[in-house]
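The values are calculated or read from the model by the stated rules, or taken from the named source; none is laboratory data. No experiment lies behind these values; they were computed from the predicted model shown. Cβ coordinates were reconstructed from backbone atoms using ideal geometry, including for glycine residues, and neighbour counts include every protein chain displayed. Protein only, heavy atoms only, side chains kept; ligands, DNA and RNA dropped before computing areas. Shrake-Rupley method; radii C 1.70, N 1.55, O 1.52, S 1.80 Å.
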Amino acid sequence: MKLTLKNQIVFKSATFILAAVLIWSTSYTRDQQQLDKKKTATVELSFYKNADGDRTIVANVSTKNDSGKLVFVRGVKINFYTSALAGKSFLGEALTSEGGKASIHFPKEISTDTSGVTIIARIENDKGYEDAEAQASVKDARLVLSLSEGDSSKLISVLATEILANGKEKPIPNVEVNFGIQRLFGIMPLSDEANVTTDDRGMATFNFPKEIKGDEKGNVVLVARIIDNEVYGNVEATSISKWGEPLVVEKNPFPRALWEPRAPIILIISFSIIFGGIWFTYGFVIYQITKIEKKASA
């Protein structure tokens, strides 16, 4: 049976519409599946103890973008737990920042036993990322920083101790201590070889370098740190000393010189005379020309 021209047009139009609907449906389903598919994130956990004894847990969350590059994740809720609280392991929650970091305060009243305390950071029931977890077992440690000055040397000494569950302390041998100085944009190492390993007594000493700049009175903030240790995490101690070279503040912060924004007075006067003479010459020539034209017209 042959179809009329009108029926052929209707049939072809219906076929085209049906194909378009099928293509759109397939594309929409594929896109929806991609949206529903959660990304995989990596959680890294760090433990910090500042010089004032304040303890912080920091979780760093990252993922890989479409090009395979590692990027930080913002706005993901991290739940923190610990094994040190019987029947109440939840410590709190925090959202990751622009740099992918989420942190909470670790209570001072929570002590660690001889085996350490386990801290846990989890991504749980997130809409965009699969569940992920990081664990770390850390022990509580302390650094005590002391200064001594001899005839030709200035020594920084650090005692590293582990704080036991009963409150007593024992020396920590063979742990690396970094010696630095507090600057405006962070802590800078005091030298290229500023890492010293503690001895059997838990002591580490470092010779303070010469020509280290301080403030106007020569004060410097010295910092001793255990950095990213597998057992003790990050521990810090600070001390203020007057071992730095005093900062000399110029009485005139805006001197006049050729290499400064403000030129010397004699240079300004010289240029004024030169340019003034040039403009005076221009004016005199124009005046004489005008005078000649007037005489010629008369």
Suppose R0 equals 51 Å; then what is the FRET efficiency for Leu70 and Lys170 from their Cβ-Cβ distance, rounded to the nearest 0.05? 0.85
Accessible surface, 1.4 Å probe, highest first, among residues Thr63, Thr197: Thr197, Thr63
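Would you kindly calculate the mean projected area, averaged across all directions, of the convex hull enclosing the Cα atoms of segment 105-157, in square nanometres?
Values: hull surface 29.0 nm².
The Cα convex hull of segment 105-157, projected and averaged over all directions, gives 7.3 nm².
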Which of Lys170/Lys242; Lys108/Lys168; Lys139/Lys242 have a Cα-Cα distance over 23 Å? Lys170/Lys242; Lys139/Lys242
Taking θ = phi - 60°, what integer Hz values does the Karplus form 6.51 cos²θ - 1.76 cosθ + 1.60 yield along segment 184-200, in sequence order, with x for Gly and Pro? 4, 9, x, 9, 10, x, 6, 6, 5, 10, 8, 9, 10, 8, 5, 8, 5
Spread of Cα-to-Cα distances over 5 Å intervals beginning at zero, given as percent, for segment 41-138: 3, 13, 24, 23, 17, 10, 6, 3, 1, 0
In what sequence, largest accessible area first, do Trp279, Trp243 appear using a 1.4 Å probe? Trp279, Trp243
Take the alpha-carbon centre of segment 199-231, take the same for segment 117-161, and report the distance between them in whole Å. 16 Å
Subtracting the Cα-Cα distance from 0.36 nm times the residue separation, let me have the gained length for Tyr287 to Phe275 in nm, one decimal. 2.5 nm
A correct Karplus calculation of ³J(HN,Hα) over segment 151-162, with 6.51 cos²θ - 1.76 cosθ + 1.60, θ = phi - 60°, whole Hz and x for Gly and Pro, returns 5, 10, 9, 10, 9, 9, 10, 10, 9, 9, 10, 9
Measuring from the lowest to the highest alpha carbon on each principal axis, how far does segment 141-241 reach, largest first, in angstroms? 44, 33, 24
